[in-house]
Amino acid sequence: MNQVWINGKLLNRSEAKISVFDHGLLYGDGVFEGIRIYGGKVFRLPEHIERLYDSARHIFLEIPLDREQMTQAVLDTVRANAKPEGYIRLVVTRGLGTLGLDPQKCSGPQVIIIVDDIRLYPAEFYEKGLRVITASVIRNHPNALNPRIKSLNYLNNILARIEADRAGCQEAIMLNHNGEVAECTADNIFLVKHGILRTPHLAAGILEGITRNLVIELAREAKIPVQEMALTRHDVYSADECFLTGTAAEVAPIVECDGRPIGNGKPGPITWQLRERFHQLVQQERNDSEA
Ligand code: PXG
């Protein structure tokens, strides 16, 4: 049933294989996207396609399909999998090469599209909120590997995530090289203080999350003031509310950071309002796709 698209062919899951000489595996040399399917409709597909091509451009990876062909390939794979609620992983690697770094010796990009079930936080985390730590591992310095690139190199995020697990927390806040708040390991972060929504600016060295941009839009529509700015751990500890945003997690409240309760230690009203608005928008898309 599960069909994986590899370089133009739909293959059964058990046959969907990539060479051990692929530089995606050997060096993390490639880019990816994680996308949701709601009610059979691919959510914010043009935005994800654009970010994929921007990431690829940055790393000199020429995707062998144009954007329309890539869009069609995603839609075809979704249709083949008949999954009305699910998750799409779109991956482009540098392709088969030698056991040396030289990207010139690579055979050419491999394009992979996987459609699978979405794994979410259990419902209790949305009701009660997440506990987080700040990780000792920092986010990539933009001059080392710019976090705007959604690359296959997630090792520093994984190390931060291990720190969170070992501390008995669900997520970690990663700081940047200046000690400012950047983002969580696979999500962006927001704070609420005195009714103002605050989130790190892109210059902090973060992924420009598609959910982040959407939540900023929803807040502006709801006349909630939004500030994209430098934020520190002090801002997190002294915030009234805190939440994270991402394709998988959507909008999830954070109620504790480094052992300090945030606000009254419960998910806050603006977090709920934005989560509610996000769900309304998703529901609207579901209805539109049925119409
Ligand atoms: N920051 C980072 C570092 C991310 O990897 C986000 C923010 C949120 O971006 P979007 O566009 O999704 O709002 C991400 C999201 C997953 C998964 O399956 C998600 C991501 C990466 C790997 C896995 O939950 N990226």
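Bear in mind these aren't lab numbers, they're just calculated from the coordinates by the rules spelled out. Note that the structure is a prediction, hence the values are computed from the model and not measured. Cβ: placed from backbone, ideal geometry, glycine included. Neighbour counts: every protein chain shown.
Distance between the pseudo-spin-label points of Asn12 and Arg89 (7 Å out from Cα toward the beta carbon): 2.1 nm. Binning all Cα-Cα separations of the range 1-119 at 5 Å, short to long from zero, yields these whole-percent fractions: 2, 12, 23, 23, 19, 13, 6, 2, 0.
Each label point was placed 7 Å from the Cα along the Cα-to-Cβ direction; for Gln273 and His234 their separation is 2.7 nm.
In what sequence, highest mean first, do 271-283, 89-101 appear when ranked by Cβ atoms within 10 angstrom?
89-101, 271-283
Just to be sure I understand: of the beta bridges DSSP finds with both ends in the range 75-220, what percent are antiparallel, rounded to 5? Percent antiparallel among DSSP bridges in the range 75-220 is about 80. Computed log10 I(q)/I(0) for the range 123-283 at 0.18, 0.20 Å⁻¹: -1.07, -1.35, from the Debye equation with unit scatterers placed on every C-alpha and solvent omitted.
Candidates Cys106, Ala82, Leu130 compared by Cα position along the dipole of the range 76-170: farthest toward the positive end lies Cys106, with charges placed on Cβ. Could you tell me how many degrees, from 0 to 90 and to the nearest 10, lie between the Cα long axis of helix 210-221 and the main elongation axis, the longest principal axis, of the Cα atoms of the chain? Roughly 40 degrees between the two axes. Stokes-Einstein, applied to the Kirkwood radius of the chain over Cα pairs at a viscosity of 0.890 mPa s and 25 °C, places its translational diffusion at 123 µm² s⁻¹.
Per residue, the chain reaches -9500 deg cm²/dmol at 222 nm when only DSSP H runs of four or more residues are counted, each adding -39500 (n - 2.57).
Given charges of +1 on the Cβ of Lys and Arg and -1 on the Cβ of Asp and Glu, with all other atoms neutral, how large is the dipole of the chain about its Cα centre, in debye to the nearest 20?
Charge dipole of the chain: 180 debye, to the nearest 20.
Once the Cα atoms are used to define both axes, helix 45-58 deviates from the longest principal axis of the chain by about 70 degrees.
Taking the chain as the reference, fit the longest principal axis to its C-alpha atoms, fit the long axis of helix 67-81 to the helix C-alpha atoms, and give the angle between the two in degrees, 0 to 90, nearest 10. Tilt of helix 67-81: around 90 degrees. Shown is the FRET efficiency for Ile158 and Asn264, computed with R0 = 51 Å from the Cβ-Cβ distance and rounded to the nearest 0.05: 0.95. Can you count the Lys pairs in the chain with C-alpha separation below 16 Å, eight or more apart or on different chains? Counting lysine pairs in the chain gives 5.
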